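Notes follow the structure.
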Amino acid sequence: MLCLLLALGGCASKPAPAPPPPAVLTPATWQRIDQELIDASVGAAGSANDYARRSMRVWKEQVQQRTEQDFIPWFTGYWTQQWLTLKVAWYKLDSGEGREPAEKRLGLYLQEQYHERVIEPVAEQINPESIRDRASELYVQLFGQQLPAIIQRYNAAPEQVSQRLNRIPAIHLGPPDARNASLYQLLRAKPLEQQPAWLALREHLHEQASKGPGRTDVGLSSVATNASEKLGATLAPRGIASAVASAVGKVAGAMISIAAAGYGMVTHDREQPQMVEQLRVILNVALNQEWQELMENRQSGAMAGVYYLSGQVEDSLLGSAPRVEEQQEPLLIRLPP
C-alpha cells in the first residue's frame, strides 16, 4: 500500500505536458482562417439582426399602443377639432405671399403633436437609434467571442492573428485618421465609446437617419390635407376672415364657440367613429412602412451599423491576401483550457 501511494504521488507531481508551439501558417492556411473570420462576421451579423428585429417589434407595439391611447383620441376629440378648425382658419387668412399653404402648416403641427404624444414618450424606453447602436455593439462582441476557437483550431500564434485583424479596416470615415479604426482596434476598445472612430460612426449613422421625413410624418401629412379641406368647409358662412377677425381679443371660450357654430357636437358624434377608423388605418399603414424601412434601410436603419461594419470586414477579407509582417501587440484572447 505504501509503495502504491508513493507511486501515485510521483505521478501526481509530474508537470502537465507543455502545449505545442504555434504552427507555421502557410498561405493556404491563412485563406482558411480568413474564411472562418468571414463566417464569424456573418454569424455575428445574423445574431445582431435577430436582436434588432425583436427589439424593433417591441418599439412598434409600444408606438401603436400609445397612438391608440393618446393621439387618436386627442385628434378626433370634439374640442380638438374645434381648435384645429380655428388653426385652419388662421392659416388660410395668413396665407400671403411666401407663406406655406394651410394643409402643410397643419401637417407640421400634427407631426409635432404626434412626436410629443407618441414618439418621444416611447423613446424614453426604447427607440430605433438605441437599437441600432446596441446591434452594432453586439456584432463586435459576438465576433470577438469566436476568435479563441479559430486560434485554437489552427494552433495560430495570437500575435499573428492580431496582425491580421489590424489590417482589416472596420471603420473608414476619415480624414482625420481618428475617424478610422481597424477591427483589431475595435476588439481592444473597452468600452467601445472610448474609440473615437466608433463615436464617428454613430454620428454618421445618426445624420443618415435624420435625412428626410419618416413614414408616419408622411402619413400625417395626408391626414392634414384631408383635415384642412374638411375643417375649412365647416367655418361659418360669413367667411374665414370675419370668423377669425371676430375672435381677435376674445377669451378662448368665445373663440371656440365661433368654430362650433359651423361644426356642431351632434355632427361630430356622428362622424367620429369613421374619423377614428380612417386615422387608425392611415397611421397603421404608415407605421408598418416605417418599421419595414427601419429594418431594411442599409444606410440608416436599425441594422445600418452592423451592415457597415460587416461589409467593411468581409470585403477586406475577400479582397486582400494575408501576410505576416511586423510584430503586433497580441490581442488578449482567453483560450479554453
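The values are calculated or read from the model by the stated rules, or taken from the named source; none is laboratory data. Source: prediction; values computed, not measured. All Cβ positions, even for glycine, are placed from backbone atoms using ideal geometry, and neighbour counts span all protein chains on display.
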Selected residue [under 22 Å from E207 (Cβ atoms) and not aromatic (F, W, Y)] from E124, E159, E137: E137
Filter result for the condition that a residue is in contact with a helix residue (DSSP H, G or I) (Cβ under 8 Å, 6 or more places away or on another chain) and modelled with pLDDT of 90 or more, over L317, L335, L231: L317
Check on R179, closer than 14 Å to A224 by Cα and free of Cβ contacts under 8 Å to residues at least 24 places away in the same chain: no
In the range 47-86, the residues that are out of contact with any Phe, Trp or Tyr (no Cβ under 7 Å at 6 or more places or on another chain) and of a type in the set (D, E, K, R): D50, R53, R54, R57, E61, R66, E68, D70
Residues located in the range 142-173, provided they are within 19 Å of A48 (Cβ to Cβ), in contact (Cβ under 8 Å) with a residue 24 or more places away in the chain and of a type in the set (S, T, N, Q): Q146
Subset of the range 265-296 [basic (K, R) and closer than 15 Å to E61 by Cα]: R280
Some residue of the range 32-51 being outside any helix (DSSP H, G or I) and touching a residue at least 60 places away in the same chain (Cβ under 8 Å): no
A170 being surrounded by 14 or more Cβ atoms within 10 Å (Cβ to Cβ), within 22 Å of the chain's Cα centre (by Cα), small (G, A, S) and over 16 Å from Q141 (Cα atoms): no
Complete set of residues in the range 192-228 that are outside any helix (DSSP H, G or I) and either within 20 Å of the chain's Cα centre (by Cα) or of a type in the set (S, T, Y) (or both): S210, K211, G212, P213, G214
Top-ranked residue in the range 60-95 [being under 17 Å from V285 (Cβ atoms) and touching a residue at least 60 places away in the same chain (Cβ under 8 Å); ranked as surrounded by the fewest Cβ atoms within 10 Å (Cβ to Cβ)]: E68
So L142, is it modelled with pLDDT of 95 or more and closer than 20 Å to S41 by Cα: yes
Residue in the range 106-116 that is of a type in the set (A, V, I, L, M), surrounded by 14 or more Cβ atoms within 10 Å (Cβ to Cβ) and closer than 30 Å to Q31 by Cα present: no
Residue among S310, S300 that alone is closer than 30 Å to N180 by Cβ, in a helix (DSSP H, G or I), out of contact with any strand residue (DSSP E or B) (no Cβ under 8 Å at 6 or more places or on another chain) and modelled with pLDDT of 85 or more: S310
